[in-house]
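Q: If you scroll down you'll find the structure; I have some questions about it.
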Amino acid sequence: MLRAASVVATLALPAASQAGTLILIPDTGADKVWAFSAFDGSVISNNYVPNDGRMKQVMQIAQLPGGTIVMADPGTSQSCAADDAVREYTPCGQYIRTIASSVDGVCNPEGITVAYGKAWFVRLYDTASEPTPGASALWSFEFDGTGLSQSCLNVGLDKPWGVVPFQGGFLVSDSIDDNVEFVGLDCVSRPPFVDSDGVNGVNFPQQVSLLADGTVAVASFSAPTQGLYFYAPNGTYLDVHIPATSPRGIFQLGNGEILYTGGTQVRAYNPTEFTDRLIINQAGASFRWIAPIERCESDLDCSGAINGADLGALLGGWGAAGPSDLNGDGTTDGADLGRLLADWGGCSVNG
């Protein structure tokens, strides 16, 4: 395994996660969403957003400024179908509406992010699966769900997956040429950020993520070079970690470890100690990409206010684990009641 001293020396550790920060990871094996600690990756809920019959293969989640979350769901195949959609949910996981679907020309939405005053997602066009001509492109919409538009077309995106804001534009992973492309807001084609041959470098890049010090992390899914790849902000290769499972999602935890997903597993890699630990191996699961959200944890009913309804929900969960266990110690008890009463009132994240 390659080691780059510069990576180990410069990996800045973000501050410990504040209360209310969660990591959400879709499980397309069961069409539900799990929640994890943003600090150490420990499991908070294996059913944070239950299977509601709408989700078919949620790839990634992003949070809008008002607190609601949007899910990019490419459906059960890479064809264009009614299941393909970008849907909006409350931060507690209740369905609100569908913002974009195949009716709007949005098929196979994969990565989704929030930047530059809008929500952005990539639309993957698969020539082998879609009989109707289309195009891979970067789309956007306003935070209120209006203004859906195909923002960038013909910018070297052959088969795009992940998208992350970067230096006034976006980094987009592309599984046809195995590159990580740079797409500017002007939609002018530029040289790739990572120019890979798929043999000696990244092969089938999935999620792209930025670490606290600006390092770019890429989950490379396929053999012969599956791994967690790290690049300097100028695109210079730094290091690779060969993991225990082919990675799909990648994200830096508050403790400095690199959380990653692959198949049935969620794992964490320590880039200073070069250790890799298993967090969960769930039979039948298919874990996808990793996204942080902010939650007003005491607002148990997601109403936007912490009031008597939340008190009733907490008392209803007394003695058990679950959402009413606000301090995460495994039991809803007096400590959780005290926290709810201390939070009594409004909840700005829920908007």
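Q: Add -39500 (n - 2.57) for each DSSP H run of 4 or more in the chain, then divide by its residues: what number comes out at 222 nm, to the nearest 500 deg cm²/dmol?
A: -2000 deg cm²/dmol
Q: Follow-up. In nm, to one decimal, how far is the modelled label at C187 from the one at S303, with both set 7 Å along Cα→Cβ?
A: 4.5 nm
Q: Could you check the spin-label model distance between T146 and T236? Points 7 Å from the Cα along Cα→Cβ, value in nm.
A: According to this spin-label approximation, the distance is 4.8 nm.
Q: Mind giving me the FRET efficiency for T264 and D126? R0 is 22 Å, r the Cβ-Cβ distance, nearest 0.05 is fine.
A: Values: r = 25 Å, r/R0 = 1.14.
Using R0 = 22 Å, I get an efficiency of 0.30.
Q: Oh, and also: Relative to the Cα centre, what is the charge dipole magnitude of the chain, using +1 at the beta carbon of each Lys and Arg, -1 at the beta carbon of each Asp and Glu, and rounding to the nearest 20 debye?
A: Dipole of the chain, to the nearest 20 debye: 200 debye.
Q: Let me ask something else. Give me the number: length gained by fully extending A135 to R97, i.e. 0.36 nm times residue separation minus the C-alpha to C-alpha distance, one decimal in nm.
A: 11.2 nm
Q: Follow-up. Multiply the residue gap between R54 and W344 by 0.36 nm, knock off their C-alpha separation, and tell me the result in nm, one decimal place.
A: Here the answer is 101.0 nm.
Q: For the chain, take N as its residue count and report Rg(C-alpha) divided by 2.2 N^0.38 Å.
A: 0.98
Q: Here's a follow-up. Just want the answer: with Cβ charges of +1 for Lys and Arg and -1 for Asp and Glu, which residue in P292, A81, T225 is farthest toward the dipole's positive end in the chain?
A: T225
Q: Taking the Cα centre of the range 199-351 as the origin and placing charges on Cβ (Lys, Arg +1; Asp, Glu -1), which of G328, V199, L211 is farthest toward the positive end of the dipole?
A: Highest projection toward the positive end goes to V199.
Q: For the pair Y116/I176, report the inter-label distance in nm, with labels modelled 7 Å from Cα in the Cβ direction.
A: Distance between label points: 2.1 nm.
Read the figures in this text as sums done on the coordinates, not as results from a lab. What you are looking at is a predicted structure, and each value in this text was computed from that prediction instead of being measured. As a convention, Cβ positions derive from the backbone with ideal geometry for all residues, glycine included, and neighbour counts pool all protein chains shown.
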